[in-house]
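**Student:** Let me give you the structure first, and then I'll get to my questions.
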Amino acid sequence: MDRDELLGLLRAFEQEALEYVLIGATAMGLHGIVRATEDADLFVRATPENLARLRTALRGVYPDDASIDEIRDSDLLGEYPSVRYYPPTGDLYLDIMTRLGEAANYDSVEKEIKLVEGIRVSVATPAALYRLKRDTLRPLDRRDAAVLAERFGLKDTD
Amino acid sequence: MPVERYRSVEEMNAAPIRVVAGDPFERFVRICRRYWLLAPRRYPCGVFRFRTIEEAQAARARVSREAKRPAE
């Protein structure tokens, strides 16, 4: 995960007014629970206008990458709510989601704004991250949930 | 850390939480960088789509395994 590349992405998201929220390890890192990750996970609001903003933002960071056009409304608004984008730099990748299962999506996730190097970054709250992670099967997610619960005093009722 | 002033509690609650350089963000990217140096990878470029989180996680694990490459 390259620092400047990640900042460039977050800046582009802000400039294009993308409606998104960071979840996963990147969001946890911004809450001070730091572990390594290879990707940045985000929910985006599932509208054609917002997905157009997403493509514009990505083109601003990776202007020569024609594969950005393959991030299609018909997928993210249809049968494929999860799209993984590997930029040509090869230093990180993005998991872009419009929904997770039946319940979780951009609108259902509580979010807050953090300022990172002057960039307004939309991040899921610790409680929202905890709810996303506590019921999953992946051991890493369950560990993340346990750490979130301990650090922020969260309970199953949160 | 600069002092911030608010006219109301509502304004204060709506204000972004400031993450200063050297704080969580810097630690986060530093540890990711260290991880990358210890376990360098070469990812496939492009866009891949998934119907479910399980599909996405299986592909992530597969790519992560296959993308490992010797440290340069």
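Laboratory data are not the source of any read-out in this text; all were calculated from the coordinates shown. None of these values were measured; they are calculated from a predicted model. Backbone-built Cβ (ideal geometry, glycine too); neighbour counts: all protein chains shown.
**Student:** Give me the one-decimal nm value for the distance between modelled label points at A:E150 and A:T56, 7 Å along each residue's Cα-to-Cβ direction.
**Tutor:** 4.5
**Student:** Oh, and also: Report, in deg cm²/dmol and to the nearest 500, the calculated mean residue ellipticity at 222 nm for chain A, where each DSSP H run with n ≥ 4 adds -39500 (n - 2.57) and the sum is divided by the residue count.
**Tutor:** On the way: 6 runs with 61 residues, N = 158.
It lands at -11500 deg cm²/dmol.
**Student:** Assuming 1.306 mPa s and 10 °C, estimate D for chain A with Stokes-Einstein, Rh taken as the Kirkwood radius over Cα pairs, in µm²/s. Let's see the in-between values first.
**Tutor:** Values: Rh = 16.0 Å.
Reported coefficient: 100 µm²/s.
**Student:** Could you give the angle, 0 to 90 degrees to the nearest 10, between helix A:139-152's Cα long axis and the longest principal axis of the Cα atoms of chain A?
**Tutor:** Roughly 70 degrees between the two axes.
**Student:** When DSSP beta bridges are limited to those with both residues in the protein assembly as shown, what percentage is antiparallel, rounded to the nearest 5? Can you show the working numbers first?
**Tutor:** Numbers: 22 of 31 bridges.
Taking every DSSP beta bridge within the protein assembly as shown, about 70 percent pair in antiparallel fashion.
**Student:** Want the number for B:R27 to B:A39: 0.36 nm per residue separation, take away the alpha-carbon distance, what's left? Show your work: numbers first, answer last.
**Tutor:** Values: separation 12, 0.36 × 12 = 4.32 nm, distance 1.81 nm.
Separation in residues times 0.36 nm, less the Cα-Cα distance, equals 2.5 nm.
**Student:** Related question: For the range A:3-151, give the magnitude of the charge dipole about the Cα centre (Cβ charges: +1 Lys/Arg, -1 Asp/Glu; no others), in debye to the nearest 20. Walk me through the numbers on the way to the answer.
**Tutor:** Working: 20 positive and 27 negative charges, 119 e Å.
Magnitude of the dipole: close to 580 debye.
**Student:** In terms of Cα to Cα distance under 17 Å, which aspartates and glutamates are near enough to A:K111, apart from those fewer than 8 places away along the same chain?
**Tutor:** The qualifying aspartates and glutamates are A:E14, A:E19, A:D41, A:D158, B:E10, B:E11.
**Student:** Ranking A:I68, A:I113 by Cβ neighbours within 10 Å, fewest first, what do you get? List each step's numbers first, then the result.
**Tutor:** On the way: A:I68 20, A:I113 14.
Fewest to most other Cβ atoms nearby, the residues stand as A:I113, A:I68.
**Student:** Per-residue mean of other chain beta-carbon atoms within 10 angstrom of the beta-carbon, peptide A:23-30?
**Tutor:** Details: counts 0, 0, 2, 4, 1, 2, 9, 6.
Counting Cβ atoms of other protein chains within 10 Å of each residue's Cβ and averaging gives 3.
**Student:** Among A:V61, B:V3, rank each residue by its count of other Cβ atoms within 10 Å, from fewest to most, as a rough exposure measure.
**Tutor:** Working: A:V61 17, B:V3 4.
Arranged by neighbour count, lowest to highest, A:V61, B:V3 become B:V3, A:V61.
**Student:** Next up: What is the average number of partner chain Cβ atoms found within 10 Å of a Cβ in A:81-91?
**Tutor:** Working: counts 6, 10, 5, 11, 4, 8, 3, 3, 2, 7, 5.
Average per residue, whole number: 6.
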